[in-house]
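For reference, the structure is listed below as structure tokens.
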Amino acid sequence: MFVKNGENQVANLLEGIDKESSKTIEREDMKKLPSPVQKWLTNTNVIGKEEVKTVRLKQQGRMRTEKNGKWLPTKGEQYFSISEPGFIWIADVKMAPLVQLSGIDTFIAGTGKMKIKVFSLFPVVDAKGPEMDSGTMMRYLAEMMWYPSAALKPYIKWEEIDGTSAKATMEYNGISVSGVFYFNEKGDILRFVGKRYREVNGKYVLSDWGAINKEFKEFNGIRIPSKSDVTWFEKDEEFRWFEVEITDIQYNVPSLY
């Protein structure tokens, strides 16, 4: 798996985090948040638990690059740091019985990069730049639904829209992204939508992007979306390009699987 090429990056991302001081999440910590965000955090069961400093997870699913394209089986691992926001996503995509793509998507110190190789050896994509920085930060913001206590971090500001939706703005290292979380009456996140750069005909275009959550599950006592459709929200229709399921998630275990 491509994880062998990314293990040094993961080690650097997580280095020293287990020595950081931590606190227990209290209801008082949420009092300035919009009401739907408070309900969400209460519903996730984070109150009374240790704040999350690191996350590691396993996922499986399928993706496609075109609306009518072939679905490709995908497996991945992802590692997050929370105090200083960052992640490393390591994935294998089966293109054909004997052809496999491996990729690393990273967001570290406010910088985003994506590398894809065939058989983990021959590079086919090496993307970086301001659009990748913004896009990977947007991904971190959206995936916060998997590590809810990050909603309390100072780099995220909240604005209530109505009783079932709130806008989150993330600012870090001179970059800012925003998106809207939509909740049901219970407090589960049904959907997230924000502007993310998408490559169209060789150019980057800001487009509506996000996730629709289909199932929810508790991992280590924390309720999160377990199955989601990652989607480009176009004017006429939705382009569902990645169906993902979380199969395992562990908090505050700052090491490789």
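The values are calculated or read from the model by the stated rules, or taken from the named source; none is laboratory data. From a predicted model like this one, the values you see are computed outputs, not experimental measurements. Note that each Cβ is placed from the backbone with ideal geometry, even for glycine, and that neighbours are counted across all protein chains shown. Note: areas computed on protein heavy atoms with side chains; ligands, DNA, RNA excluded. Shrake-Rupley method; radii C 1.70, N 1.55, O 1.52, S 1.80 Å.
Of note:
- Relative to the longest principal axis of the Cα atoms of the chain, the long axis of helix 35-44 makes an angle of roughly 70 degrees.
- Label corresponding to semi-axes √(5λ) of the Cα gyration tensor in Å when calculated from the structure given, among [x] 24, 23, 20; [y] 27, 26, 17; [z] 28, 22, 17: [z]
- Annotation for Glu245 and Asn68: the two label points, set 7 Å from Cα along the Cα-Cβ direction, are 2.8 nm apart.
- Mean Cβ count within 10 Å, highest first, over the residues of peptides 80-91, 8-19: 80-91, 8-19
- Debye, to nearest 20: dipole size of the stretch 199-248, +1 on Lys, Arg Cβ, -1 on Asp, Glu Cβ: 140
- Computed with a 1.4 Å probe on the full set of protein chains, the accessible area for Thr54 sits at about 0 Å².
- Only one residue of Ile104, Gly69, Ile88 has its Cα farthest out toward the positive end of the dipole of the stretch 66-206, where Lys and Arg carry +1 and Asp and Glu -1 on Cβ, and that residue is Gly69.
- Accessible area in the full protein assembly, largest first, 1.4 Å probe, for Asp236, Asp162, Asp229: Asp236, Asp162, Asp229
- Helix 3-14 axis versus longest C-alpha principal axis of the chain: approximately 30°, rounded to the nearest ten.
- The residues of the chain expose, per residue, 49 Å² of accessible area to a 1.4 Å probe.
- When the residues Glu26, Glu245, Glu51, Glu185 are ordered by accessible surface, computed with a 1.4 Å probe over the protein chains alone, the sequence from largest down reads Glu185, Glu26, Glu245, Glu51.
- The Cα center of the stretch 186-202 and the Cα center of the stretch 1-80 differ in position by 17 Å.
- For the stretch 1-111: rounded, prolate or oblate by the Cα gyration tensor [a/c cutoff 1.5]: oblate
- Counting protein heavy atoms only, the chain has 49 percent of its accessible area on carbon and sulfur, 1.4 angstrom probe.
- Nearest-10 value in Å² for the accessible area of Arg56, using the 1.4 Å probe: 30
- Among the listed pairs Lys94/Lys195; Lys53/Lys195; Lys214/Lys235; Lys113/Lys214; Lys31/Lys67, those beyond 32 Å (Cα-Cα): Lys31/Lys67
- Taken about its Cα centre, the chain carries a charge dipole of about 360 debye when Lys and Arg each add +1 at the Cβ and Asp and Glu each add -1 at the Cβ.
- Using 0.36 nm per residue and subtracting the Cα-Cα separation, the extra length available between Lys128 and Glu7 on full extension is 41.6 nm.
- Ranked order, Arg27, Arg223, Arg62 - accessible area, probe 1.4 Å, largest first: Arg27, Arg62, Arg223
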